[in-house]
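S.K.: After the structure tokens below, expect a handful of questions from me.
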Amino acid sequence: MTECAWCATRTKGTYFSERYKRLAARRGKKRALVAIAAEMLKVIYHMIKDGTAYQELGPDYMDDKRKQAQIKYYQDQIKKLTGEDSPGKESA
């Protein structure tokens, strides 16, 4: 499985290659490779279980997901500061 992960990390412009780069910077190359292999196994399991085809997420998936989470967080903070959606207040 690690050989498959190695090939997946060497393919440019894919989710697994970008994920590998991020993990390798923090954990090291060997641990990152095993983590990618484990992640690939999870994907394969769900593909078999659900009977679906593999859908490439793309190299910017994690960045987009993080941006959306930050936007939601700051919107919630603004709502808290302005007093919107607070219990006990009725809107007219």
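S.K.: Give a residue-ordered list of calculated ³J(HN,Hα) values for segment 44-54 (Karplus: 6.51 cos²θ - 1.76 cosθ + 1.60, θ = phi - 60°; whole Hz; x for Gly, Pro).
M.R.: 5, 4, 5, 5, 5, 5, 8, x, 10, 8, 6
S.K.: Continuing with this model, one more query. Return the long-range amide H neighbours of Leu57 (sequence gap of 5 or more, or a different chain), with a cut-off of under 5 Å between placed amide H atoms.
M.R.: Amide H neighbours of Leu57: Tyr15.
S.K.: In a GNM of the chain with a 10 Å cut-off on Cα contacts, which of Lys79, Lys42, Lys12 has the highest mean-square fluctuation?
M.R.: Highest fluctuation of the listed residues: Lys79.
S.K.: How far apart, in nm, are the 7 Å Cα→Cβ label points at Lys49 and Lys80?
M.R.: Using points 7 Å along Cα→Cβ, the separation is 3.4 nm.
S.K.: Dipole magnitude of the chain about its Cα centre, charges +1 at Lys/Arg Cβ and -1 at Asp/Glu Cβ only, in debye to the nearest 20?
M.R.: 640 debye
S.K.: In the structure shown, do any of Lys30/Lys72; Lys12/Lys49; Lys12/Lys65 have a Cα-Cα gap over 25 Å, and if so which?
M.R.: Numbers: Lys30/Lys72 35 Å; Lys12/Lys49 28 Å; Lys12/Lys65 20 Å.
Pairs exceeding 25 Å: Lys30/Lys72; Lys12/Lys49.
S.K.: Would you please name the chymotrypsin sites (Phe, Trp or Tyr not before Pro) within the chain that are DSSP coil residues with at most 15 other C-beta atoms within 10 Å of their C-beta?
M.R.: Counting only loop positions with at most 15 other Cβ atoms within 10 Å, the chymotrypsin sites (Phe, Trp or Tyr not before Pro) in the chain are Tyr54.
S.K.: Relative to the present Cα-Cα distance, how much length would full extension add between Glu56 and Arg10 at 0.36 nm per residue of separation?
M.R.: 15.1 nm
Every number here is computed from the coordinates shown, using simple stated rules; none is lab data. Please read these numbers as outputs of a predicted model, since none were measured by experiment. Cβ sites come from the backbone with ideal geometry, for glycine too, and all protein chains shown count toward neighbours.
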